[in-house]
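K.L.:
Got a structure for you, questions after.
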Amino acid sequence: MIEARGLSKRYGPTLAVDGLGFDVRPGAVTGFLGPNGSGKSTTMRLIMGLDRPDAGTVRIDGRAYHQLRRPLCEVGALLEARTYHPGRSAEKHLAALAAANGIARSRVAAVLDTVGLTDVARKRAGGFSLGMAQRLGIAAALLGDPAVLLFDEPVNGLDPQGVRWIRELMKSLAAEGRTVLLSSHLISEMALTADHLIVIGQGRLLADTSVAELTAGGRTLEEAFFAITGSSAEYRGVAPAEHRRQP
Ligand SMILES: Nc1ncnc2c1ncn2[C@@H]1O[C@H](COP(=O)(O)OP(=O)(O)OP(=O)(O)O)[C@@H](O)[C@H]1O
């Protein structure tokens with residue numbers, strides 16, 4: 001369970017997260033949606049203790065990240081792909097993480113298998129495609145077998161087969177009773193994957209509800225998303241027709 005209360009974070013003049021409060025519950029995939037720059041990645045960094053909030057708290061199963069005794073075994077996260085040494089193999093990268101965190105070496109082969117990287121486990125990870133790098137990042141998140149998982153744009157760079165694989169993986173992790181927070185801009189994918197949604201705009205909570213409730217009455221999730229975030233998208237281009245009209 002993730003509990004955020006009154007969470008705020010400012011970067012200079014930008015209030016990236018503004019009094020955010022929500023719970024992410026176990027046993028479900030919770031989608032984290034919002035327009036570009038709405039504060040999703042910042043919120044995930046605050047949850048993982050990678051940034052300090054200016055106000056508010058965020059707890060993972062009752063404790064702040066820095067209070068977790070074995071962090072990798074309690075919460076796993078894919079926040080950015082390619083957070084490994086390019087000269088190292090996938091296997092060496094995971095083995096080093098396991099050793100540093102007191103995780104059994106046998107978990108390395110297990111997670112490589114889960115993400116489908118067993119055949120390339122001994123190749124230099126620096127030569128990996130973006131999709132392979134995403135899979136390696138997911139393997140690292142799963143290494144400590146944590147009950148809480150965060151994934152920031154995990155389908156980025158994956159081919160259709162990979163996108164479907166992520167969907168099934170997210171669902172199976174939730175079905176095992178884990179807490180899964182998933183950000184993605186692919187709303188059609190979110191509609192197929194998430195049970196619950198937290199929608200933010202300009203760092204504020206706009207909706208915290210089930211996908212079923214948002215799409216009640218035949219409304220698509222995309223229509224619901226635009227209705228909710230309509231006035232809070234900071235970056236907007238002009239419509240192609242308007243563009244043509246401009247001198
Ligand atoms: N380290 C930083 N220094 C300065 N500003 C930052 C920093 N990190 C984030 N911001 C700003 O905070 C706001 C929220 O950014 P954030 O990356 O959290 O949004 P996001 O919802 O993840 O966006 P996207 O969907 O585009 O990835 C943006 O205006 C961004 O420019």
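Only the coordinates and a few stated rules stand behind these numbers; no lab work does. Note that the structure is predicted; figures quoted are calculated from it, not measured. Neighbour counts are summed over all protein chains in view; Cβ atoms, including those assigned to glycine, are modelled from backbone coordinates with ideal geometry.
K.L.:
Between Asn101 and Thr209, what FRET efficiency comes out of the Förster formula 1/(1 + (r/R0)^6) with R0 = 41 Å and r the beta carbon distance, rounded to 0.05?
P.N.:
Approximately 0.70, to the nearest 0.05.
K.L.:
What shape does the chain take by its C-alpha gyration tensor, where a ≥ b ≥ c are the square roots of the eigenvalues and a/c under 1.5 counts as rounded, a/b above b/c as prolate, and the rest as oblate?
P.N.:
Note, shape of the chain comes out prolate.
K.L.:
Also, quick follow-up: With a sphere of radius 10 Å drawn around the Cβ of Gly34, what net charge do the other residues whose Cβ falls strictly inside it have (Lys, Arg +1; Asp, Glu -1)?
P.N.:
In short, +2.
K.L.:
Mind ordering 148-154, 126-132, 31-37, 219-225 by average Cβ neighbours within 10 Å, highest first?
P.N.:
Going from most to least packed, we get 148-154, 31-37, 219-225, 126-132.
K.L.:
Here's another thing I want to ask about it. Can you spot the lysines whose alpha carbon is less than 18 Å from Lys92's alpha carbon? Ignore those fewer than 8 places along the same chain.
P.N.:
By straight Cα distance, Lys92 reaches Lys123.
K.L.:
What does the C-alpha gyration tensor say about the overall shape of the range 107-199? Classify as rounded when a/c is under 1.5, otherwise prolate if a/b is larger than b/c, or oblate.
P.N.:
oblate
K.L.:
Going 7 Å from the Cα of Arg164 in the Cα-to-Cβ direction, what parts of the range 129-145 have a backbone nitrogen less than 11 Å from that spot?
P.N.:
Output list for this probe position: empty.
K.L.:
Find how much the distance from Ala227 to Thr14 grows on full extension, using 0.36 nm per residue of separation minus their present alpha carbon separation; answer in nm with one decimal.
P.N.:
74.2 nm
K.L.:
If you place +1 on the Cβ of every Lys and Arg, -1 on the Cβ of every Asp and Glu, and leave all else neutral, what size is the dipole of the chain about its Cα centre, to the nearest 20 Debye?
P.N.:
760 debye
K.L.:
Could you state the angle between the C-alpha long axis of helix 90-100 and the longest principal axis of the C-alpha atoms of the chain, as a value from 0 to 90 degrees rounded to the nearest 10?
P.N.:
80 degrees
K.L.:
Less than 13 Å Cβ to Cβ from Val155, Lys/Arg counted +1 and Asp/Glu -1: what total charge do the surrounding residues give?
P.N.:
-2
K.L.:
So, one more: For Lys171, give me every one of the lysines with a C-alpha distance below 23 angstrom, ignoring sequence neighbours fewer than eight places off in its own chain.
P.N.:
Qualifying lysines at Cα under 23 Å: Lys40.
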